[in-house]
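One structure follows; several queries about it will come next.
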Amino acid sequence: MAAPDNCYETPTKAECEDYQYPESRTEGDIGMLCNAMPDMPGCSLWEACKENKVKSSNEVCNSMVVLATICEDMPGMGGCKTYNTMCGDDSVIRQCDERAPVRRMPTWAKTREAMFEMCEDHPMEQCDDCTESSCPDPLASLSGACKDMPDMSQCTMYDRWCQANDDGQLSYYCEEGGGSSSGLPSMLMYFHKRVSETVLWPEWVPRTNGDYAGTIVAVFFFGIFSIGIKTGVSLMSIYWKSQAPLPTSKYTLDSGACHNLPWWIPRSHQWWQNAIKSVLMGISILLDYWNMLIAMTFNVGLFCAVILGYVLGVFFFASFPENYAMHLQMMTPPKTSVDCECPSNMDKVVKEGAEDTQALKTAGKSCCKASQQEESMEGFAAPACCPEMP
């Protein structure tokens with residue numbers, strides 16, 4: 001026998017056990033409630049179901065479940081009058097038990113309170129959309145905030161809700177953050193172990209164990225490359241120094257010309273050398289600061305990769321400069337420099353090209369010293385220099 005149509009008014013009668021509240025009336029009650037207070041968590045869920053953000057086939061999207069959820073939160077609203085009568089403590093209608101409210105659903109008041117406290121403690125993106133004067137969807141805002149900052153104490157209520165509904169039906173809120181999450185892993189200001197971590201850029205977020213292993217390898221080589229580049233700069237300096245002609249007296253040989261420039265001004269050949277060193281050191285410092293930022297994630301695996309990269313880099317490259325200098329000493333004959341006085345026939349020797357090597361050696365070898373000018377004023381001018389001798 002079919003249940004009477006007015007069982008919502010007389011829910012204690014035995015014949016009302018199989019009564020089904022018409023869906024049209026259920027949706028009408030939801031519409032009335034959500035028009036009055038659209039920011040209620042139950043209304044947020046209803047809209048998400050209608051937009052298929054939460055699959056409409058899920059149990060939580062059943063109109064009776066949504067109505068029950070709203071009325072559990074706001075039982076005093078006019079749109080809940082029929083539901084409260086129909087599903088009271090003495091009701092025999094099975095639909096009230098089968099279509100019970102969503103478990104541990106955060107209430108409107110608690111959701112707003114949690115959001116305002118979180119925004120006061122730590123301003124986040126969600127705080128722009130949820131203020132005390134305007135918070136159109138506090139449930140979505142709380143979901144996003146707790147996905148981005150899960151360790152905040154105000155997220156306890158949200159965590160319990162998601163744990164009580166861990167069958168995946170509420171993944172839009174519990175995994176995607178209700179559409180308001182930044183989608184990036186939260187910052188944890190203590191050492192931790194997890195795979196998902198934001199590494200330097202929002203696009204670099206390992207999601208799987210394979211991604212994480214690849215990230216550790218990359219970070220490991222950052223440290224090795226940084227030490228290697230610094231070592232390369234040292235090797236260049238050693239090599240260029242070994243190739244530079246030795247200065248004689250107060251004059252410095254530079255491409256066949258003597259200069260009286262201050263010691264701290266780079267010579268012509270040193271400008272391009274300094275440019276190369278600057279570029280390489282810039283790259284090395286960039287890698288160092290990347291490693292610093294990665295270490296500040298407090299991710300144990302990434303932190304260890306940073307340290308191990310530097311340790312092995314030093315272990316491998318530390319002896320290079322010393323060994324290279326010894327190698328150059330063995331391969332390159334020692335250079336000598338002789339101070340000399342410019343003989344009276346120096347101009348003639350230089351002008352004629354000085355084809356006679358012995359004549360050049362006699363004339364002054366690698367550079368000439370003008371003894372007659374040494375006792376003149378401080379900024380004395382250098383005499384004409386001899387070409388570099390073999």
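The values are calculated or read from the model by the stated rules, or taken from the named source; none is laboratory data. Predicted model, so just to flag it, every value in this text is computed and none were measured. A quick note on method: Cβ atoms are made from the backbone with ideal geometry, for glycine too, and the neighbour counts reach across all protein chains shown. When the accessible area is computed, the model is the full protein with side chains, heavy atoms only, and any ligands, DNA or RNA have been set aside. Shrake-Rupley method; radii C 1.70, N 1.55, O 1.52, S 1.80 Å.
Could you check region 1-112 for helices (runs of 4 or more DSSP H) lying wholly inside it with 3 or more residues that are of a type outside the set (D, E, K, R) and out of contact with any helix residue (DSSP H, G or I) (no Cβ under 8 Å at 6 or more places or on another chain)?
Correct list: 23-36.
Return the residues of region 47-58 that are surrounded by fewer than 19 Cβ atoms within 10 Å (Cβ to Cβ) and under 34 Å from the mean Cα position of the chain (by Cα); say none if nothing qualifies. Spell out the reasoning first.
First, the residues of region 47-58 that are surrounded by fewer than 19 Cβ atoms within 10 Å (Cβ to Cβ): 47, 50-53, 55-58.
Correct list: Glu51, Asn52, Lys53, Lys55.
Given the structure, is Ala145 small (Gly, Ala, Ser), open to solvent by less than 70 Å² (accessible area, probe 1.4 Å) and either closer than 25 Å to Ala36 by Cβ or out of contact with any helix residue (DSSP H, G or I) (no Cβ under 6 Å at 6 or more places or on another chain) (or both)?
No: the conditions fail for Ala145.
Among the residues of region 167-181, is there at least one that is at pLDDT 90 or above, open to solvent by 50 Å² or more (accessible area, probe 1.4 Å) and of a type in the set (S, T, N, Q)?
There is no residue in region 167-181 that is at pLDDT 90 or above, open to solvent by 50 Å² or more (accessible area, probe 1.4 Å) and of a type in the set (S, T, N, Q).
Then there's this: Could you grab me the full set of residues in region 314-339 that are part of a helix (DSSP H, G or I), open to solvent by 90 Å² or more (accessible area, probe 1.4 Å) and modelled with pLDDT under 85?
Across region 314-339, the qualifying residues are Gln329, Met330, Met331.
Is at least one residue of region 206-226 more than 19 Å from Val300 (Cα to Cα), crowded, with 21+ Cβ neighbours inside 10 Å and in contact with a helix residue (DSSP H, G or I) (Cβ under 8 Å, 6 or more places away or on another chain)?
yes
While we're here: Which members of region 29-46 meet the condition of being open to solvent by 30 Å² or more (accessible area, probe 1.4 Å) and touching a residue at least 12 places away in the same chain (Cβ under 8 Å)? Steps first, please.
From region 29-46, those open to solvent by 30 Å² or more (accessible area, probe 1.4 Å) are 32, 35-38, 46; that's our starting set.
Residues satisfying the conditions are Met32, Ala36, Met37, Pro38, Trp46.
May I pose another question? What's the number of the condition Val102 fails, among (1) closer than 18 Å to Leu33 by Cα; (2) open to solvent by 100 Å² or more (accessible area, probe 1.4 Å)?
(2)
Right, here's the next one. Listed residues Gly210, Gly228; which is farther than 25 Å from Asn323 by Cβ and at pLDDT 75 or above?
Numbers: Gly228 fails: farther than 25 Å from Asn323 by Cβ.
Answer to the selection: Gly210.
Also, I was wondering about something else. So is Ser141 farther than 21 Å from Ile307 by Cβ, modelled with pLDDT under 95 and outside any helix (DSSP H, G or I) or not? Lay out the reasoning, then the answer.
Details: farther than 21 Å from Ile307 by Cβ: yes; modelled with pLDDT under 95: yes; outside any helix (DSSP H, G or I): no.
Against the criterion (farther than 21 Å from Ile307 by Cβ, modelled with pLDDT under 95 and outside any helix (DSSP H, G or I)), Ser141 does not qualify.
Here's another thing I want to ask about it. May I ask you to verify whether Ala68 is of a type in the set (Gly, Ala, Ser) and open to solvent by 10 Å² or more (accessible area, probe 1.4 Å)?
Values: of a type in the set (Gly, Ala, Ser): yes; open to solvent by 10 Å² or more (accessible area, probe 1.4 Å): no.
Criteria not met by Ala68.
Does Arg112 qualify as being buried (at least 19 other Cβ atoms within 10 Å of the Cβ) and within 20 Å of Pro38 (Cβ to Cβ)?
On the way: buried (at least 19 other Cβ atoms within 10 Å of the Cβ): yes; within 20 Å of Pro38 (Cβ to Cβ): yes.
So Arg112 passes the test.
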